[in-house]
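To start, the structure under review is shown below, and the notes come after it.
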Amino acid sequence: MKLKLNIQHILILGAFVFGLIGQYGFTQTATKTLRVLFIGNSYTYYHSMPQLFKAMAINRFSDDQFEVKFIGGGGVTLKQHWEENLALQATKTGRWDYVVLQEQSMLGSAVIEDGRSYVGRPDQFFKYARMFVKAIKQQGAEPVFYMTWSRKNSRDQQKYLTYAYMTIAKELNSKIAPVGLVWDKVKGNSDVNLYEKDGSHPSVSGSYLAATTLFATIFDTAPTGVPGYLEGYEILRGGKVAKEKSTLCNLPRTTVKMIQDSVVVVFKKAQENGGYLEIEKAVSDKEPSRFSVIFMYVRNARSQAVIFIIIIVILLITKVSKKEDS
C-alpha cells in the first residue's frame with residue numbers, strides 16, 4: 001500500500017516532530033552576543049579596561065557572548081577621532097550595541113597657566129559629541145558617555161568635567177557612566193590608590209572602578225558580586241589585543257567592595273533624577289594662551305613625524321633670528 005503525502009500532511013508531520021523535539025529538550029537556544037565599541041585614549045585603554053569590562057560581563061552573564069573593541073591612542077580627543085575617521089568607520093561596520101565615548105581628560109582644550117593644566121571650556125567636546133552621537137544612533141547603536149576624573153592634585157576640577165558630561169548626555173538623551181563621581185567618592189580613602197605615579201592615569205584599581213561603573217551603566221544592574229580577580233586579553237600598545245589570556249587584576253576584597261558600594265550609591269542618586277544628576281553650571285573662565293595651544297597640539301600629535309617637523313621649524317626660526325640679530 002503506497003502512502004500519499006500532500007503538502008498539508010507534510011506540514012502537520014513537521015509540526016508534530018518539532019513538538020516532540022521541544023518536549024524532550026532538544027531545542028538549541030540562540031546565544032545572545034553583546035558588542036561594545038570603546039572610543040577614547042589612555043584613560044580607556046590603561047590596564048586593558050575594555051577587557052576588564054568584558055571579563056565582568058562574562059562572569060555575570062556566562063550564557064552570553066561579548067565582543068569589545070578599542071580605538072584610540074594617548075591624548076586623543078574626540079575632534080581628532082572624528083577627523084581621522086577610523087572610529088567613525090568602526091561605528092558603521094561593527095554592528096555595535098553600545099559605543100562608549102571618552103573625551104580627552106581636559107575636555108580636549110586644556111589651559112596651561114603657571115605650569116599647571118586646567119580643564120578648558122567644553123565647546124569643542126560638545127560639538128564633536130553631538131556629531132558622534134548622531135552618527136552612532138544612525139547605525140542603531142546606543143552611545144554611552146564615559147565621564148573622566150580630575151587629576152590627583154586638582155580635585156576641584158571635577159566640577160567642570162561633571163558639568164560637561166552630564167550636560168551633553170542629558171541634551172542628547174544618552175547614557176552616562178559617572179566614573180568621575182564614583183572616583184571622587186573613593187579617592188578620599190587612603191587604603192585605595194586609584195592613580196598611577198603621574199597622578200593622572202588610572203592604576204589597576206582605577207581601571208577596575210571605571211569598568212565597574214560602565215558595567216552598571218550598560219547592564220543597568222548593581223555590580224555587587226563581580227570578583228576582584230579577572231582574566232582576559234591584554235590590550236597592547238596601538239590597540240592590538242594579546243593572543244593569550246593573562247591576569248588583568250587581582251584586587252583585595254575590601255577594595256572591590258568599596259568600589260562596588262560607591263557605584264551603587266552614585267547610581268541611586270542618578271536614578272532619582274531620571275539617570276542624570278542635577279548640577280550647577282561650571283565652565284572655566286580661563287582662556288588658552290598661545291603656549292597652551294602649541295602644547296596641546298604637540299601633545300596630541302599623532303605621529304613622531306609631526307613633532308619632528310615642529311622641532312625643525314622652531315630650529316629654523318631660531319637660526320634665522322640669530323642671523324638677523326648679527
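No value in this document is a laboratory result; all are computed from the given coordinates. Note that the structure is predicted; figures quoted are calculated from it, not measured. Ideal geometry is used to build each Cβ from the backbone, glycine not excepted, and the neighbour counts take in all protein chains shown.
Just to be sure I understand the model, the point goes 7 Å from the Cα along the line to the Cβ. What's the resulting Q271 to I317 distance in nm?
For Q271 paired with I317, the spin-label model returns 5.5 nm.
Towards the positive end of the charge dipole of the range 113-269, with charges on Cβ (+1 Lys, Arg; -1 Asp, Glu), say which of T247, Q157, G206 has the farthest Cα.
Q157
Note the full-extension length gain between F61 and R130 as 0.36 nm times their separation in residues minus their Cα-Cα distance, in nm to one decimal.
21.6 nm
Ranking request for peptides 198-207, 250-259: highest mean number of other beta-carbon atoms within 10 Å first, then the rest in descending order.
Highest mean packing first, the order is 198-207, 250-259.
Scaled to the compact-protein estimate 2.2 N^0.38 Å, what is the alpha-carbon radius of gyration of the range 129-183, rounded to two decimal places?
Numbers: Rg = 12.4 Å, N = 55, 2.2 N^0.38 = 10.1 Å.
For the range 129-183, the normalised Cα radius of gyration is 1.23.
Give me the number: length gained by fully extending V241 to T224, i.e. 0.36 nm times residue separation minus the C-alpha to C-alpha distance, one decimal in nm.
Value of the extension gain: 3.3 nm.
Return the Rg/Rh value of the range 153-242, two decimal places, where both radii are evaluated on C-alpha atoms and Rh is the Kirkwood radius.
0.98
If I stretch the segment between E231 and S154 completely, what's the gain in nm (0.36 nm per residue apart, minus their alpha carbon distance), one decimal?
24.4 nm is the gain from fully extending E231 to S154.
Show me 97-105, 81-89, 61-69 ranked by packing, highest mean number of other Cβ atoms within 10 Å first. Mind dumping the intermediate values first?
On the way: 97-105: 25.1, 81-89: 15.7, 61-69: 13.9.
Top to bottom by mean Cβ count within 10 Å: 97-105, 81-89, 61-69.
Direction-averaged shadow area of the convex hull around the Cα atoms of the range 47-142, nm²?
Mean orientational projected area (the range 47-142, Cα hull): 7.5 nm².
So which of K185/K240; K32/K69; K79/K257 end up more than 27 Å apart, counting from Cα to Cα?
On the way: K185/K240 33 Å; K32/K69 17 Å; K79/K257 37 Å.
Check vs 27 Å cut-off fails for K185/K240; K79/K257.
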